[in-house]
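The values are calculated or read from the model by the stated rules, or taken from the named source; none is laboratory data. Note that the structure is predicted; figures quoted are calculated from it, not measured. Backbone-built Cβ (ideal geometry, glycine too); neighbour counts: all protein chains shown. What goes into the accessible areas is simple: the full protein's heavy atoms, side chains included, and nothing from ligands, DNA or RNA. Shrake-Rupley method; radii C 1.70, N 1.55, O 1.52, S 1.80 Å.
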Amino acid sequence: MTLRFASIGSGSKGNCLVAEAGGTRVLVDCGLAPRETERRLARIGLAPADLDGILITHEHDDHAGQAYPFAAQHGLPVWLTYGTLLALTEAGKPPGAVETRIIDGRSAFAIDGLEVRPYTVPHDAREPVQYVLSDGAARLGVITDIGISTPHVEKMLCGLDALVLECNYDRDLLWNGGYPRWLKERIAGPFGHLDNRESERLLAALDRSKLKHVIGAHLSQQNNRPELARAALARALGCEESWVSLATQDDGFGWRTI
Ligand SMILES: [Zn+2]
Ligand SMILES: [Zn+2]
């Protein structure tokens, strides 16, 4: 079996990653408007009918804001934690008729040929998780929206074949930028986001012996620069900067196959 993955958008205006193993294909998060999601899926050769469901990481709009409308339109099930479901419902976004499957943030499960291992992360959401996805052999780790790395996170991400890793902001750009102080403190706090330096440190701490793809993701358009994120990841990997890919807000990144 092969595992392949792509993204149709990454950043605070909407996140949506596609992962596929065997004949099973899921979205990880659904933060773009349904029509835009369809349009961008077509760019990577997919239609909504090719999907088997949506995995949600947490309730923030850029991840879950469009999950239920998109799922309802296309008859897709949604997997999420109970806390995320409660938070969405309280925010006036109940599942309605969408088939909702509650996951445990510490227990792996399978969607046909795709193995899904959620893991818990520190972020300012009700019960956030991130995911490691596998075809039974190769493993893809996804990690965005995490305030600080933890031993649990590093254990989950060791020995991966591919990693999509948040590089949200550059510390100097954030603190010297125009965001209000409360928002700067939220972003930089332990339940906010990873800055380039922290992402570099996290990547350097992992067993990278099998790693074939590293993609920097969820870059802030105000508080980061692609060249800074790329340089940080390249330092951790000891590789040329050109080897490091970045996911963009408008295009995400194209298919990678392991
Ligand atoms: Zn986010
Ligand atoms: Zn978030």
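With the Cα gyration tensor of region 24-120 giving a ≥ b ≥ c as the square roots of its eigenvalues, does the rule (a/c under 1.5 for rounded; else a/b larger than b/c for prolate; else oblate) give rounded, prolate or oblate?
Here region 24-120 falls in the oblate category.
Under the Karplus relation 6.51 cos²θ - 1.76 cosθ + 1.60, θ = phi - 60°, what is the ordered set of whole-Hz ³J(HN,Hα) values for region 67-73, x standing for Gly and Pro?
5, 5, x, 5, 5, 5, 5
Over all directions, the average projected area of the alpha-carbon convex hull for the chain comes to how many nm²?
Over all viewing directions, the chain projects a mean Cα-hull area of 12.4 nm².
Tell me, what ³J(HN,Hα) does each residue in region 242-258 have, in order and in whole Hz, if you take phi through Karplus 6.51 cos²θ - 1.76 cosθ + 1.60 with θ = phi - 60° and put x for Gly and Pro?
5, 6, 8, 9, 10, 7, 10, 5, 7, 10, x, 7, x, 4, 10, 10, 10
I'd like the antiparallel share, as a percent to the nearest 5, of DSSP beta bridges with both residues in region 13-130.
Rounded to the nearest five, the antiparallel share is 55 percent.
For the pair Arg126 and Arg225, how long in nm is the line joining their label points, each one 7 Å along Cα→Cβ?
About 4.1 nm, to one decimal.
Can you give me the Cα centroid spacing of region 39-101 and region 145-180 in angstrom?
24 Å
If I take R0 = 41 Å and measure r between the Cβ atoms of Cys239 and Leu86 in this structure, what FRET efficiency does the formula 1/(1 + (r/R0)^6) give, to the nearest 0.05?
The pair Cys239/Leu86 has a calculated efficiency of 0.45.
Which length gain, in nm to one decimal place, applies between Trp175 and Asp104 when the Cα-Cα distance is subtracted from 0.36 nm times their residue separation?
Result: 21.9 nm gained on full extension.
How much FRET efficiency would the formula 1/(1 + (r/R0)^6) give for Trp182 and Thr2, where r is the Cβ-Cβ distance and R0 is 30 Å, rounded to 0.05?
0.10
With a 1.4 Å probe and all protein chains left in place, how much of the accessible area of the chain comes from carbon and sulfur atoms, in whole percent?
The C+S portion of the solvent-accessible surface of the chain is 50 percent.
How much accessible area per residue does the chain have, counting only protein heavy atoms and a probe of 1.4 Å, in square angstrom?
Here the per-residue accessible area is 41 Å².
From the phi angles alone, apply the Karplus equation (6.51, -1.76, 1.60; θ = phi - 60°) to region 113-122 and give each ³J(HN,Hα) in whole Hz, x where the residue is Gly or Pro.
x, 9, 8, 10, 10, x, 8, 7, 9, x
Roughly what would the spin-label model give for Lys155 and Ala205, points 7 Å off Cα along C-beta, in nm?
Result for the modelled spin labels: 1.3 nm.
Over region 151-196, what portion of Cα pair distances is larger than 15 Å, expressed as a whole percent?
53 percent
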